[in-house]
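Below is one structure, written out as structure tokens; the observations come after it.
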Amino acid sequence: MLERPCKVRTSTDPKPWMSDGRRGRRPSPPPPPRSSAAAEAGNGGNFDRVLFKNLVEMVPLVESLMDRRANSSFTRRASVVYTPAPSNSKKAAESKAGRASQTISAKQQRDLDTAQRNDQNGSSDDLSIFSRNVEVENSLKDREELSILREQVNDLQRKILEKDEALKSAEIEINQMKAACVSIDELKFQIAEKDSLAKSINSQLNNAKITLADKQAALERLTWEARMSNRKIEELQGEIISMDYDIAALMQIYEKLCINNSAVFSDDSLTSYNLEPLPDANEIDDIEIEKMEEARTCYLAAVAAAKENPTEESLATAAEARLKLQTLLI
């Protein structure tokens, strides 16, 4: 009797070998089929070699499907359900039944072989359909992941563009700040230059004020000296006038004395002495008066010049004119 082929069923569990509580261990593969001699001995020689070959070829495919690691693109996996072989008593009964069924006609045997081949072809078709479905699902998952990745790439590109724009705006602002700092530094330099210029002008102004104050003090001193000179001149003029009056009085007295002396010595008994004649008093008065007038005119002119231009030379000239006038008066 033939062994039952392994059935393949789909499962939504991405790790079917972890669903039975044994994580990290894969389900043990089905035991390899018995040797042809044992199979022939067990079923009395009724063995389909083609079916056995197909089953042996399906085992690596099933193992490769089981060995694939679970990821986001493979959400459905296949699991293998193993059907155990019948016991020895059943095998013995089946062998007896096989011996009894040897009487079946060749036509029935061919029909049975044809049905088995059809079952085998149906199972292979189911496996191919399953693999195609898995491939379609995987392609759909890949497309979904690709679309998600594209969206993420677009988002990243958009964020990068935003960052670039922000960096450009920041660079523009930094350049503006640098230009503003440069202009501020230039203004500070200009302000410092103007401050130094203002300080120098203030120092010059202070020096000019000091010089002006010195000149004002000198002018005040000269003004005071001129006033004192004017007072002395006025005093001297008063003294000159008084001296003129005194001189006139003395001249009158002198004339009277001369007249009296001539009357006293008119006696003939007295010996007369030859005396030189004295100059006329009028002539003396006129000459002295002219000299004094000239000296006074010179003195007044010198005083006026000293008032207009109070220099040392003008003051010395006025002093000389005054001394000359004083000598004439004395």
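Only residues that are surrounded by 15 or more Cβ atoms within 10 Å (Cβ to Cβ) and not in a helix (DSSP H, G or I): list them for segment 309-328, please.
PRO310
Being free of Cβ contacts under 8 Å to residues at least 40 places away in the same chain and either surrounded by fewer than 10 Cβ atoms within 10 Å (Cβ to Cβ) or closer than 20 Å to ALA318 by Cα (or both) is the filter here; which residues of segment 224-244 pass it?
Once the filter is applied, which keeps residues that are free of Cβ contacts under 8 Å to residues at least 40 places away in the same chain and either surrounded by fewer than 10 Cβ atoms within 10 Å (Cβ to Cβ) or closer than 20 Å to ALA318 by Cα (or both), segment 224-244 yields TRP224, ARG227, MET228, ARG231, LYS232, GLU234, GLU235, GLN237, GLY238, GLU239, ILE241.
Among the residues of segment 138-168, which ones are among the hydrophobic types (A, V, I, L, M, F, W, C) and under 30 Å from LEU65 (Cα atoms)?
LEU140, LEU146, ILE148, LEU149
Every read-out reported here was derived from the displayed coordinates using simple, explicitly stated rules and does not represent laboratory data. Note that this is a predicted model, so its numbers are computed, not measured. With ideal geometry, Cβ positions are generated from the backbone for all residues, glycine too; neighbour counts draw on all protein chains shown.
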